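Participant: Got a structure here, written out as structure tokens. Questions coming.
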Amino acid sequence: MCEVSVIIPTANRQERLGALVELLGEQLAESSEVVVVDQSGEPWRGNQGVARGHAPIRCRYYWRPDISGLTSAKNFGVACSCGDVIVFIDDDVRPQEDFIGKLRRFLDDNPEFGGVCGVEVKQLNSRWRNMIAECFRGGPFRDPRSYINQNYKRYCGTVVATRLMSGGLTAYRRQVFRSYSFDEGLIGYCLGEDVEFSHRVADKWKIGIHTGALAEHQEAEEGRYNTKEKFLSKVAGPVYLFRRLYRSEGYSYAWLVWYMVGVALEAIFSSAKNFDLAPIAGYLAGVRCVAMGFRGCPFIDATRDMSV
């Protein structure tokens, strides 16, 4: 076994890999490794090794275009890794100083915690979007991550207990994967795979957000929130999560309906603000996808059993 395995799932964004792998090399001990799972159409021709000073850091590269989706790539990376602590980093995330060390040390010092994630700094702060989320995300859909990300300095580097962790800047103990794996019914790069996994893990382990471990999400600009695909996932993803997780926990469908009202308002406001009908079209496509039992949904395998 090695100390830490950092898994980077990526698809068609190979230009980001070199800088990220080099950055990780500055934070990793010699006994750690980087595992890249590349689902791109062509293999990465970049540097597959990283170095810390004069000591090479092990970097294993797997070109697997046959693997479909983020969850399958993560499960494959776990199976290929050797670390006692497994860290997932998205290819558009840039961890700040000692990011991985802070997550690893917290898990070392707190054996009751199965996982911990960092804070996403420089996150897009849209006041009207935050107001809609605050009003319409209740019950199982209440998500503390945005507030913590935007106000992390108030927590003075402490760890905030939660049931939801952000998947692209997260560390788990290897023991967690003896009981849990990522849901491969989610077949694309979609909204909610991190929520689905961390919610199940929280049934057995404590998990939390480390407000002293900071990372920058380079894709956190306004445009990424206003696409048709994003709003399709904002409809279909929560319905999938409700059916798979929340319904069995006794939550009322009223929470789901109220959440969808909020997403509809967000789609309308986004379309009006940007003079673009893509958000509304995505919302309607999501409703149609749900009505058809997720058949044809680009990121949900409708043939799989949705029970936990």
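Participant: Which of the residues belonging to the range 83-133 are among the small types (G, A, S) and farther than 15 Å from L28 by Cβ? Can you show your working first?
Facilitator: Residues of the range 83-133 among the small types (G, A, S): 83, 101, 114-115, 118, 126, 133.
Listed by number, the residues that qualify are G114, G115, G118, S126, A133.
Participant: Quick one: is L24 at pLDDT below 95 and either β-branched (V, I, T) or on the phi < 0 side of the Ramachandran plot (or both)?
Facilitator: Answer is yes for this residue.
Participant: Within the range 116-158, count every residue that is closer than 20 Å to H210 by Cα, basic (K, R) and in a helix (DSSP H, G or I).
Facilitator: Residues that pass the stated criteria total 3.
Participant: What residue, of A291, A264, is over 19 Å from the mean Cα position of the chain (by Cα) and surrounded by 17 or more Cβ atoms within 10 Å (Cβ to Cβ)? Give the derivation first.
Facilitator: Working: A291 fails: surrounded by 17 or more Cβ atoms within 10 Å (Cβ to Cβ).
Exactly one residue qualifies, and that residue is A264.
Participant: Continuing with the same structure: Evaluate the following for V257: is it over 19 Å from D143 (Cβ atoms) and modelled with pLDDT of 95 or more?
Facilitator: no
Participant: Looking only at residues in the range 177-208 that are in a loop (DSSP other than H, G, I, E, B), farther than 10 Å from G114 by Cβ and of a type in the set (F, W, Y), which one is modelled with the lowest pLDDT?
Facilitator: Y189
Participant: Something else about it: (1) surrounded by fewer than 21 Cβ atoms within 10 Å (Cβ to Cβ); (2) not assigned by TED's automatic domain parsing to the domain that holds E120: which one isn't true of S233, the others all being true?
Facilitator: Looking at each condition in turn, S233 falls short on (1).
Participant: May I pose another question? Can you spot a residue in the range 236-252 that is of a type in the set (G, A, S), part of a loop (DSSP other than H, G, I, E, B), surrounded by fewer than 22 Cβ atoms within 10 Å (Cβ to Cβ) and touching a residue at least 12 places away in the same chain (Cβ under 8 Å)?
Facilitator: Yes, the range 236-252 has at least one match.
Participant: Being touching a helix residue (DSSP H, G or I) at 6+ places or on another chain (Cβ under 9 Å) and surrounded by 20 or more Cβ atoms within 10 Å (Cβ to Cβ) is the requirement here; does F299 meet it?
Facilitator: It is true that F299 is touching a helix residue (DSSP H, G or I) at 6+ places or on another chain (Cβ under 9 Å) and surrounded by 20 or more Cβ atoms within 10 Å (Cβ to Cβ).
Participant: What pairs can you find where one residue is in the range 158-176 and farther than 10 Å from V119 by Cα, the other is part of a strand (DSSP E or B) and acidic (D, E), and their Cβ atoms are less than 6 Å apart, with a gap of 6+ or different chains?
Facilitator: R174/D84
The values are calculated or read from the model by the stated rules, or taken from the named source; none is laboratory data. All values reported here derive from a predicted model rather than from experimental measurement. In this analysis, Cβ positions are derived from the backbone assuming ideal geometry, glycine residues included, and neighbour counts consider all displayed protein chains.
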